[in-house]
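Read through the structure below, which is laid out as C-alpha cells, and then see the notes.
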Amino acid sequence: MNRILPSAGRTLLVVWFLLPLVPVVLWAISNRWSFPGSVPQEWGFDGVRSALDAGGVDAFLRSTLLALAVAAIATPLGALAARALVSGTVRFPAVVAGVLFAPLALPPFAVALGLDVLVLRSRIPSTVAVIALLTVAAIPYTTYLMRVAFGAYDIGYEEEARTLGASPAMIRRRIRIPLLAPALAGAALLAFLVAWSDYVITLLIGGGRLVTVPILVASFAAGTGNDSVVAALSVAAVVPPLLLVLILARLRRRSAR
C-alpha cells in the first residue's frame, strides 16, 4: 500500500499536466476541426507545414540558443549570490537580497519599455540586450533555489577534505559541485524556462528582429483561421521544457540511489 499510493499520485500528476495537451496535439495533426465535432473531421499536417514555412525551425533554434545562453549565465551568478548570502560574507544581506529579487516585483512590460530607449541610445546589439535582461529576470529564481541548497549544504565535507590536503580547486570539483549538482540542474532549468517562454522582453528589446517561438505563436494566434499552425508551434514550444523536466527527474532519481 505504501508503494501504491505514491505511484498513483505520480500518475495523477502526469495526467493532470498532459491532459490539456491532448487537444493541442490533435489540432496540430488536423487540417479541419469544426464545431461541434469532438474529433477532427480531416487529419493532416497542413499546420506543421505552414509552421515550417513561416520559419518555425529558425525560431526554435533561436529560442533554444537564447535559453541556453541565459541558463549558462544566470545559474553560476545565482549560485555565487546564494553562497555569499548564506555564508554572510556580504554587508547588508537584506538589501542585497532585495536587489536580487527586485525583478520579481517589477512589471516586465514597464521595465522593457523603459530600457528600450536606453538600449537604442547605447547602440547595444538587441540580442545582447535581450540576453542580459532575461538573465536579470532569471537570477531571482536561480538565487532562491541555490540559497535553499546552500542552506542544507554540509560544509563539513569540505573541511574534512581540506584537512586531508585537498586544494580549493579539488574541493570545488570533487565535492561542492557534485553535491550541489541536482540544485544546479534545477536552477539551470528555471533559467532556461524563463528565457524560453519570454515574450515581452524579447519582443520589445529585440525590436521584432529576434523572432522566437513565443513571438511566432503570438503572431499566428493574433490572426484568424490559424488554429492548426498555432497548435503545431505550441507543441514545439512545450516539447523542450517537458524533455528537460523528465531528464532532470531521471537524474535526481539516479543521484538518490
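Miscellaneous remarks
- Answer from 179, 243, 164, 190 - the residue that is within 15 Å of the chain's Cα centre (by Cα), more than 30 Å from residue 30 (Cα to Cα) and open to solvent by 40 Å² or more (accessible area, probe 1.4 Å): 190
- Within region 80-87, the presence of a residue that is exposed (fewer than 10 other Cβ atoms within 10 Å of the Cβ) and small (Gly, Ala, Ser) is excluded.
- Residue 92 open to solvent by 60 Å² or more (accessible area, probe 1.4 Å), aromatic (Phe, Trp, Tyr) and free of Cβ contacts under 8 Å to residues at least 12 places away in the same chain: yes
- Inter-residue pairs, beta-carbon under 6 Å, first touching a residue at least 24 places away in the same chain (Cβ under 8 Å) and in region 207-220, second open to solvent by 30 Å² or more (accessible area, probe 1.4 Å) and in a loop (DSSP other than H, G, I, E, B), 6+ apart: 214/199; 220/226
- One residue from 230, 235 being assigned to a helix (DSSP H, G or I), open to solvent by less than 70 Å² (accessible area, probe 1.4 Å), among the β-branched types (Val, Ile, Thr) and touching a Phe, Trp or Tyr at 6+ places or on another chain (Cβ under 6 Å): 230
- Number of positions in region 108-129 that are touching a residue at least 40 places away in the same chain (Cβ under 8 Å) and either in contact with a Ser or Thr (Cβ under 8 Å, 6 or more places away or on another chain) or surrounded by fewer than 10 Cβ atoms within 10 Å (Cβ to Cβ) (or both): 1
- Conditions (1) free of Cβ contacts under 8 Å to residues at least 40 places away in the same chain; (2) out of contact with any strand residue (DSSP E or B) (no Cβ under 9 Å at 6 or more places or on another chain); (3) of a type outside the set (Phe, Trp, Tyr); (4) open to solvent by 100 Å² or more (accessible area, probe 1.4 Å): number failed by residue 32: (2)
The values are calculated or read from the model by the stated rules, or taken from the named source; none is laboratory data. Keep in mind it's a predicted model, so treat the numbers as computed, not measured. Cβ coordinates were reconstructed from backbone atoms using ideal geometry, including for glycine residues, and neighbour counts include every protein chain displayed. With ligands, DNA and RNA removed, areas are computed over all heavy atoms of the protein, side chains included. Shrake-Rupley method; radii C 1.70, N 1.55, O 1.52, S 1.80 Å.
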